[in-house]
Amino acid sequence: MTDTTTSSATPASSLEKTISLKLSVEKINAEVEKRLKKVARTARMPGFRPGKVPMKMVVQNYGPQVHSEVLNDEIGRTFSEEVQKQDLRVAGQPRIEAAKDAADDAFEFNAIFEVFPEVKFGDFATLEIEKTVVEVSDTEVDKTIEILRKQRASFAEVDRGSEEEDKVTLDFVGKIDDVPFDGGTAEDFSFVIGKGQMLPEFEAAAKSLKTGEQKTFDLAFPADYHGKDVAGKTAQFTITIKKVEGPQLPELNEAFAVAMGIADGSLDKLRDDVRVNLSREVSNRTKAQTKEAVMNALLKVAEFDVPKALIQTETTELASRARQDLKARGMQNVEEIQLPEDIFTAQAERRVRLGLIVSDLVKDNNLQAKPEQVRAFIEEQAQSYENPAEVMQWYFQDRARLADVEAVILEDNVVEFALGKSKVTEKKLSFDELMGNK
């Protein structure tokens, strides 16, 4: 008797296929008997020495489990053989269903599964893609150096009302319904106005006050405030200014350059260093925006059905990541939170669709990461560290890290391929627009 036969049933989608599996009862039973004899050699049961348990009791205790294992193994082996024979690329795990009206001498099953689609690409020349372009000018370099100066500012007492970026030291007393509350009172408390360290109402009340001045004001705590005892309630605060200090920026001189890591104190080298770092950040951000534009275009030029099994797997993964993110943010009892997986379905389908598109483009156009690209990428990344050689060694000694680099380069290759075959227009942004400052 033939152990396996194949047939196709009416598919539920263009990607769904069915393979019928017919397994010999005689062959399955022979394998079960063989495995049970092996189990019997070491089986332990009360009242018997190891390996001396009667075969009848071994069959009684282990027979169903062993039979199930043999059946599953044979189904898997037979399914794999049939898939290879028909040259099918299976997407996801098959669903195994027992066939109706099976013969007495055979176990019959239907393996229902999806296959990877054939991705059909349209004309890339019809695609219009915007490539983000941003210039790093002297203005951006000057602004960044000014930010670095402000980050290293010291404070000196001033005789005037407090202003933005001033540091104020004060005492405060807070009450709700004329009753002080935990955390509502402090002495010699300091903060910098405009840094968002305090609630807006608190900062606004402290602004413009001089040393020795006092003010009373109402403050409404947000409903989601981290202090649960006061969240959603309105408190009355009285503040007394003890000291107002204005920022004193370090001079832009050799000493500042040395403090910023320029050994010889050259301001020109400092500017060059800042420009290189800004250019690197701009490059990363513009590449990310251009890549997003390319991926959106690829979704329009490629036509195919997406395996539901892959969408489901990706949906489950996205839901799992969301839970992990909530846990990392300190949320309690994350496992009990109900996250409907369907809220991730659209994102999951997009990710799967793009993955299949990229995979086909890479395979058909030899866009894999080349060794010289990998080395150049790592060398560039290493230059921003104090010891580039150590960083390069860190990458090259771990295959998983290299795989991550290769994945980035592979996507970059796909982006360049698409740009080279499409109509590209430059989308010019200012530095501030790119960085989200406008």
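The values are calculated or read from the model by the stated rules, or taken from the named source; none is laboratory data. Predicted model only: the values in this text are computed from it and were never measured. Neighbour counts run over all protein chains shown; Cβ positions are idealised from the backbone, glycine included.
Details
- Test: residue 319 is touching a strand residue (DSSP E or B) at 6+ places or on another chain (Cβ under 7 Å), part of a helix (DSSP H, G or I) and closer than 25 Å to residue 113 by Cβ: no
- Test for residue 194: is it at pLDDT below 95, within 37 Å of the chain's Cα centre (by Cα) and not in a strand (DSSP E or B): yes
- Of all residues in region 335-372, those that are surrounded by fewer than 16 Cβ atoms within 10 Å (Cβ to Cβ), outside any loop (DSSP other than H, G, I, E, B) and of a type in the set (Lys, Arg) total 1.
- Residue among 297, 259, 293 that alone is out of contact with any Asp or Glu (no Cβ under 8 Å at 6 or more places or on another chain) and of a type in the set (A, V, I, L, M, F, W, C): 259
- In the set 213, 201, 245, only one residue is of a type in the set (D, E, K, R) and in contact with a Leu (Cβ under 9 Å, 6 or more places away or on another chain); that residue is 201.
- Residue under evaluation residue 117, criteria (1) more than 30 Å from residue 424 (Cβ to Cβ); (2) in contact with an Asp or Glu (Cβ under 8 Å, 6 or more places away or on another chain), criterion not met: (1)
- Among the residues of region 147-180, those identified as free of Cβ contacts under 8 Å to residues at least 60 places away in the same chain and under 41 Å from the mean Cα position of the chain (by Cα) are 147, 151, 164.
- Residue check, residue 206 aliphatic (A, V, I, L, M) and either closer than 30 Å to residue 355 by Cβ or not assigned by TED's automatic domain parsing to the domain that holds residue 348 (or both): yes
- In region 74-117, the residue that is surrounded by the most Cβ atoms within 10 Å (Cβ to Cβ) out of those that are acidic (Asp, Glu) and touching a strand residue (DSSP E or B) at 6+ places or on another chain (Cβ under 8 Å) is 114.
- Some residue of region 231-243 being surrounded by fewer than 16 Cβ atoms within 10 Å (Cβ to Cβ), in a loop (DSSP other than H, G, I, E, B) and of a type in the set (Ser, Thr, Tyr): no
- Qualifying residue in region 73-83 (condition: in contact (Cβ under 8 Å) with a residue 24 or more places away in the chain, in the same structural domain as residue 100 (by TED's automatic domain parsing) and aromatic (Phe, Trp, Tyr)): yes
- Region 303-329 - residue that is of a type in the set (A, V, I, L, M) and under 26 Å from residue 121 (Cβ atoms) and, of those, surrounded by the fewest Cβ atoms within 10 Å (Cβ to Cβ): 309
- Meets criteria (in contact (Cβ under 8 Å) with a residue 60 or more places away in the chain and at negative phi) for residue 357: yes
- Filter pass, residue 382 being out of contact with any Lys or Arg (no Cβ under 9 Å at 6 or more places or on another chain), loosely packed, with under 13 Cβ neighbours inside 10 Å and not charged (D, E, K, R): no
- Take the conditions (1) under 17 Å from residue 289 (Cα atoms); (2) at pLDDT below 95; residue 385 misses just one of them, which is (1).
- Filtering region 399-420 for residues that are farther than 20 Å from residue 355 by Cα, surrounded by 12 or more Cβ atoms within 10 Å (Cβ to Cβ) and of a type outside the set (D, E, K, R) leaves an empty set.
- Filter pass, residue 345 being among the β-branched types (Val, Ile, Thr) and in contact with a strand residue (DSSP E or B) (Cβ under 8 Å, 6 or more places away or on another chain): no
- Residue match in region 353-368 (condition: in contact with a helix residue (DSSP H, G or I) (Cβ under 9 Å, 6 or more places away or on another chain), among the hydrophobic types (A, V, I, L, M, F, W, C) and over 27 Å from residue 311 (Cα atoms)): no
- The lone criterion from (1) outside any helix (DSSP H, G or I); (2) surrounded by 14 or more Cβ atoms within 10 Å (Cβ to Cβ) left unmet by residue 332 is number (2).
- Region 262-280, residues that are within 34 Å of the chain's Cα centre (by Cα), surrounded by fewer than 16 Cβ atoms within 10 Å (Cβ to Cβ) and either in contact (Cβ under 8 Å) with a residue 40 or more places away in the chain or farther than 25 Å from residue 431 by Cα (or both): 277, 279, 280
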